[in-house]
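Participant: Let me begin by handing over the structure; questions about it come next.
The values are calculated or read from the model by the stated rules, or taken from the named source; none is laboratory data. Not measured: the values here are computed from a predicted model. Glycine also receives a Cβ, built like all others from the backbone with ideal geometry; neighbour counts cover every protein chain displayed.
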Amino acid sequence: MFDIDAYLDTIAIKEVSPPDALISRTVEQCGELLKRKEKDKKATQQIKKAVMIAVPAAALLLIGIFIGSQMNMFQGTAMNAASACFTVDINPSVCVNVDEQSIVTSLVGQNNDAQILVDKLDCVGDPAADAIYQIVEEAKDLGYIDEQNKYVLIGCFGVSDEDGTLGSLQEKLENSFGDMIDLLVVSGTLEEKTQADSLDVSAGLLKLSRMAQGVSIDNEDKVKDVVDELKDTYSAPALSVSETTGGLMLKWTSLDFEAMGYSGEVTCAIVAADTATEVKDYNAKILKSFTYQTGDTQKSSFKVTPENSGIHAGTMKFYGVYVKYGNIAKLVSNVVGANMPKAAAPSPKTSTTPTAAPTSTQTPKPQQNPDVTGHISGGAVVIQWRKDTSETLSGYKIVASKTNPNPRYPDDGYLKFITDKDTTSIKLYEGTGGLKANQSYYFSVTYLYKDGSTVAANAVQLTVPAKEKTPAETAAPPAEQTTAPTQAPPPSGDYASTSISGSMDGNTARLSWGQINDARFDGYKVVCSFTNSSPSYPNDGYVKWITDAGQTSCSVDMTKISGYAPEAVCYFAITALYDGHNVKKTGNTISLTMPAAPPAVPESQPYESTNVSGSMDGNTARLSWGQINDARFDGYKVVCSFTNSSPSYPNDGYLKWITDAGQTSCSVDMTGVDGYAPGATCHFAITVLYDGHNVKKTGNTVTLTMP
């Protein structure tokens, strides 16, 4: 126990002869200060790392009278000026303050759980990506991440990410944790972070909550709470099932992205499970998945057969569709149950005339035992398999699992997708798809066919070796080497680059490139730069990391790229990675010009409202209005009321918040609007916001009657 009176005697403050009341208050305040310092040693350590100031003991003691009640302000913020920050929300909420080089200046626990976690870490001086990774890993070890709590929300505030911090972090988390976490990413400004601090809520959660209308949060909310509310904004398809020849036909409704006000990437997965609960809890087996952009044609049916699902005839299963909207929300459709029908008996022949046997249309399969073999060669695992020459073969999925002795795609994911049917071997290195050195895995190959069916081969168990060092990296000089030197890599000409092309669609870059068919292929890094006319990975970071060799196109929202400005020129390239990321080949560069900014508006120009019109389509209100072309424009608020014949924002709230001036229509499901009733009359208007929401202009009102 610290003896405050003995300490005062040591520094001889009592010889100053201050009034007894002052000494008493000093003792009391210092005692409180020391208790707080004992309670939070981590914060004190961070302050000492950031600033070393020599202060006389007596002066420090008296300063404590004034700062003792504000000690929390010093825990990683007051002494560490941050130019930007990341937030990490799991259940613990942690703020990672960084400097201009994305080096951590402090960690701040934003709730009690976070403080426990922060006390275990010492990340000051580390790169931001490493610190955030340690936070997630520690949260998992402390039990905050499990099957019921998988969301990890990363917020970036005032972060330019020119060094690719976010991309490298995402890749590292996905390689290490895989399906153990559902990673969400949001970005904002330091002003938004300041606003969140004033509301005593996590900036990341606040930003996430604003992706939908009417979602409010407090400092008790978890990521799952916010995501669950977001799911009320984003739609899941309605699923039905019917029996068809040779299987089951699943059909689902298309999604109205305009009504949701969403644009971007969507991933759909067709799933099956033994119980409806497993489907609803996202524990179902994925039968088929596909990804598309909101402007693309939507797939709305899938035939489930015993061949493409592994579900035997007569077996009862429950089916659903999982839909993921970018990094925003993951939803599940309604669940349907059905028995897999038995194959129909062949019809008897009616003609006695001998006929030539019809050509079989059944998907050719590899032999019963496709003979997957494997061995260790130098620093690589070598997997070999039997070649399939079938015309309907789509490719080979290379699969690995630490726990499943019979891994297969899609149940266990995949490391590589090889579409060249003549390729029958591959080298896998430490780091490929998250493989770790000195760990044992079961390796297999799943054969994929164009009708959606799959056949899994046998598995082999091998231990991944550590990467071999080159002679230059070894400590001993070449003359003293006693082992054979590492085999030289193939000549650089053996590794192919790929050519990129593209165009601008508004603020979206549409890119495409040639496919690479090489067993050593790891993935494509899509690279862009507003400053370097010859960008490449890793020097210029990357905006997309694609490991499917068959994916040869992508879209990039350029407004989210550092350096974006109207009419700016951006340079794009594809870097192909091979052999565990050890070989990188960058192809040609193209340049695309960003669209021009709207014409400047004289300050004297009046602020305009816009006129709305609309009609009912069943229970859906279809609304449209005139476009606003004004540099001061912030967005449209779509407003409605069943009680006020002249609704406006903010008095009557809003249904939708649209910031794209070119979007002049939307759809609203009125059954979800407060006050809806059959035959009721609803009044609609558009409020246009200008100049940082300081100016609001509401146009005409249109009245629609509910069916």
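Participant: If Cys640 passes every condition in (1) touching a Leu at 6+ places or on another chain (Cβ under 7 Å); (2) under 23 Å from Ser263 (Cα atoms) but one, which one does it miss?
Facilitator: Status for Cys640: all satisfied but (2).
Participant: Let me ask something else about it. With the condition being over 24 Å from Leu255 (Cα atoms), free of Cβ contacts under 8 Å to residues at least 24 places away in the same chain and in contact with a His (Cβ under 8 Å, 6 or more places away or on another chain), I'd like the strands (runs of 3 or more DSSP E) fully within region 615-707 carrying at least 2 qualifying residues.
Facilitator: none
Participant: Now a separate question. Hey, any hits in region 627-649 for a residue that's surrounded by fewer than 16 Cβ atoms within 10 Å (Cβ to Cβ), among the hydrophobic types (A, V, I, L, M, F, W, C) and closer than 24 Å to Thr559 by Cβ?
Facilitator: Yes; the residues of region 627-649 include at least one that is surrounded by fewer than 16 Cβ atoms within 10 Å (Cβ to Cβ), among the hydrophobic types (A, V, I, L, M, F, W, C) and closer than 24 Å to Thr559 by Cβ.
Participant: So which residues in region 545-556 are assigned to a strand (DSSP E or B) and at pLDDT 85 or above, if there are any at all?
Facilitator: Ile546, Ser553, Cys554, Ser555, Val556 - these are the residues of region 545-556 that are assigned to a strand (DSSP E or B) and at pLDDT 85 or above.
Participant: Suppose the filter is surrounded by 18 or more Cβ atoms within 10 Å (Cβ to Cβ), more than 25 Å from the chain's Cα centre (by Cα) and not basic (Lys, Arg); does Thr593 pass it?
Facilitator: Considered against the rule, which asks whether it is surrounded by 18 or more Cβ atoms within 10 Å (Cβ to Cβ), more than 25 Å from the chain's Cα centre (by Cα) and not basic (Lys, Arg), Thr593 comes out as no.
Participant: So, in region 650-664, exactly how many residues are touching a Lys or Arg at 6+ places or on another chain (Cβ under 8 Å) and exposed (fewer than 15 other Cβ atoms within 10 Å of the Cβ)?
Facilitator: Of the residues in that region, 1 qualify.
Yes/no per residue for (1) β-branched (Val, Ile, Thr); (2) more than 30 Å from Ala596 (Cα to Cα):
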| residue | (1), (2) |
| --- | --- |
| Asn619 | no, yes |
| Val638 | yes, no |
| Ser665 | no, no |
| Gly675 | no, yes |
| Pro678 | no, yes |
| Cys682 | no, yes |
| Thr687 | yes, no |
| Lys697 | no, no |
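Participant: Out of Gly413, Gly395, report the one residue that is part of a loop (DSSP other than H, G, I, E, B), touching a residue at least 60 places away in the same chain (Cβ under 8 Å) and on the phi > 0 side of the Ramachandran plot.
Facilitator: Gly413
Participant: Which one of these is of a type outside the set (Val, Ile, Thr), surrounded by 22 or more Cβ atoms within 10 Å (Cβ to Cβ) and in a loop (DSSP other than H, G, I, E, B): Tyr537, Tyr524?
Facilitator: After applying the criteria, what remains is Tyr537.
Participant: Would you point out which residue out of Val304, Val332 is modelled with pLDDT of 85 or more and either of a type in the set (Asp, Glu) or in contact with a strand residue (DSSP E or B) (Cβ under 7 Å, 6 or more places away or on another chain) (or both)?
Facilitator: Val304
Participant: Which of the residues belonging to region 378-403 are at pLDDT 85 or above, under 22 Å from Gly431 (Cβ atoms) and not hydrophobic (A, V, I, L, M, F, W, C)?
Facilitator: The answer is Gln384, Tyr396, Lys397, Ser401.
Participant: Identify, from the list Ala128, Ala114, the residue that is at pLDDT 85 or above, of a type in the set (Gly, Ala, Ser) and either buried (at least 19 other Cβ atoms within 10 Å of the Cβ) or within 21 Å of Gly541 (Cβ to Cβ) (or both).
Facilitator: Answer to the check: Ala128.
Residue by residue, here is whether (1) in contact with a strand residue (DSSP E or B) (Cβ under 9 Å, 6 or more places away or on another chain); (2) at pLDDT 95 or above; (3) not acidic (Asp, Glu) holds:
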position: Tyr571; (1), (2), (3): yes, yes, yes
position: Asp579; (1), (2), (3): yes, no, no
position: Ala600; (1), (2), (3): no, no, yes
position: Glu603; (1), (2), (3): no, no, no
position: Asn619; (1), (2), (3): yes, no, yes
position: Asp634; (1), (2), (3): yes, no, no
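Participant: Sticking with this one: Out of Val445, Val464, I need the residue that is closer than 19 Å to Glu307 by Cα and surrounded by 19 or more Cβ atoms within 10 Å (Cβ to Cβ). Which one?
Facilitator: Criteria check complete, one pass: Val445.
Conditions tested, residue by residue: (1) surrounded by 13 or more Cβ atoms within 10 Å (Cβ to Cβ); (2) touching a residue at least 60 places away in the same chain (Cβ under 8 Å); (3) within 20 Å of Val455 (Cα to Cα).
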| residue | (1), (2), (3) |
| --- | --- |
| Ile286 | yes, yes, yes |
| Thr291 | yes, no, no |
| Thr297 | no, no, no |
| Lys303 | yes, yes, yes |
| Ala313 | yes, no, yes |
| Met316 | no, no, no |
| Val321 | yes, yes, no |
